[in-house]
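To start, the structure itself, in structure tokens.
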Amino acid sequence: MSEIISCPVCSHLLIKEQNTYKCENNHTFDLAKEGYLNLLFNAKKTSGDSKEMMAARRDFLAKGYYEKLSDRVNQRLKKSHLTDQAILDIGCGEGYYLSRFQKEIAPKASNFYGMDISKLGIRMAAKKNPMIHWLVANFAKLPFKDKSVSTVLSMFAEYSVPEIDRILTDDGNIIIVRAANNHLIELKNIIYPEIHEKVKTSSIKTFPGF
């Protein structure tokens, strides 16, 4: 794991020593046996989606229903991503989108990072693709050095504009995919007696200067 990961306690750089990451203030974090790094304190085992929800989403995506969307995102990533630059997928879940890009476009790259609040999802992702650096972490405090990530990806996930702005390089790129108002409307009509859609803000307006 390249030296861009920061300590969630003091924000100093984390350095790998065998299977442990340690900062200059001696805060330590051990790699799990699956290869991911947990940087989330006091996380409940149920943080994020449940095991059943994660497995259902993994199985659904494996059938290829979202491949066209993934391919389109990969085209955008390929235009902006350089092999020596870091890419971060915030709220990556079980790692479907980032893994597809890494395997199909940059199989030898070593600077791909996927993070999610769900330890279950990250464990699935780490088992599926050990070539990517997987982190259990919170989007509200991204565990990365300032100006260290060249591309940020967010697929139907929450994100913090100030945190993305902090870690993104000056010439960095942001790719955000959000659900439209009628997303899964057929299922919603069956499940909910009344549908209340959230007011969505344009991602471009959310990021002044981009």
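Brief remarks on what is shown
- Applying the set (1) open to solvent by 20 Å² or more (accessible area, probe 1.4 Å); (2) at pLDDT 95 or above; (3) among the charged types (D, E, K, R) to ASP89 leaves exactly one unmet item: (1).
- Breaking point among (1) hydrophobic (A, V, I, L, M, F, W, C); (2) in contact with a Leu (Cβ under 9 Å, 6 or more places away or on another chain); (3) at pLDDT below 95, for PHE41: (2)
- Checking GLU67, GLU94, GLU104 one by one, the residue that is open to solvent by 90 Å² or more (accessible area, probe 1.4 Å) and out of contact with any strand residue (DSSP E or B) (no Cβ under 7 Å at 6 or more places or on another chain) is GLU104 and no other.
- Of the residues in region 12-26, none is among the acidic types (Asp, Glu), modelled with pLDDT under 95 and touching a Lys or Arg at 6+ places or on another chain (Cβ under 9 Å).
- You will find that of LYS128, LYS145, the residue that is among the charged types (D, E, K, R) and modelled with pLDDT under 95 is LYS128 and no other.
- Residues in region 134-163 that are without any contact (Cβ under 8 Å) to a residue 60 or more places away in the chain and either under 12 Å from the mean Cα position of the chain (by Cα) or on the phi > 0 side of the Ramachandran plot (or both): PHE139, LEU142, LYS147.
- Scanning region 134-187 for residues that are basic (Lys, Arg) and assigned to a loop (DSSP other than H, G, I, E, B) returns LYS141, LYS145, LYS147, ARG178.
- Some residue of region 134-149 being open to solvent by 20 Å² or more (accessible area, probe 1.4 Å) and closer than 20 Å to LEU61 by Cβ: no
- Screening ASP84 with (1) out of contact with any Pro (no Cβ under 9 Å at 6 or more places or on another chain); (2) open to solvent by less than 90 Å² (accessible area, probe 1.4 Å); (3) not hydrophobic (A, V, I, L, M, F, W, C) gives one miss only, at (2).
- Taken over region 113-133, the criterion of being part of a loop (DSSP other than H, G, I, E, B), open to solvent by 10 Å² or more (accessible area, probe 1.4 Å) and without any contact (Cβ under 8 Å) to a residue 40 or more places away in the chain is satisfied by MET131 alone.
The values are calculated or read from the model by the stated rules, or taken from the named source; none is laboratory data. These figures come from a predicted structure and were not determined experimentally. Cβ: placed from backbone, ideal geometry, glycine included. Neighbour counts: every protein chain shown. The accessibility values were calculated without ligands, DNA or RNA, using every heavy atom of the protein model including side chains. Shrake-Rupley method; radii C 1.70, N 1.55, O 1.52, S 1.80 Å.
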